[in-house]
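This report concerns only the one structure given below.
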Amino acid sequence: MRAEITQKNLYLILAGKTAAVAAFIAEDEHISPLEALTRFYSSDTYQRLEIENTKLWHYGPVALYQDYQNAR
């Protein structure tokens, strides 16, 4: 059986991607992981990531981080 990603279950894959992007932000901006997570959650990238039909969830952490940087 192949699992399908929907708006209802998208949250299951967001935690890992979000944590990885926050780690990049924390390292590059010399801030705490908590502050980095807060910045990412407040970003346009994250707002689009949590909407299934944008398909941004297909991106890996590096591509998501690049999108975050470009949107700033």
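Summary table below
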| item | result |
| --- | --- |
| When residues of the stretch 1-46 are limited to those that are part of a loop (DSSP other than H, G, I, E, B) and more than 19 Å from Tyr59 (Cβ to Cβ), the one farthest from the chain's Cα centre (by Cα) | Met1 |
| Hits in the stretch 16-72 (condition: β-branched (Val, Ile, Thr), surrounded by 15 or more Cβ atoms within 10 Å (Cβ to Cβ) and closer than 27 Å to Glu4 by Cβ) | Thr18, Val21, Thr45 |
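Only the coordinates and a few stated rules stand behind these numbers; no lab work does. As the structure is a prediction and not an experimental result, all values here were calculated from the model. Note that each Cβ is placed from the backbone with ideal geometry, even for glycine, and that neighbours are counted across all protein chains shown.
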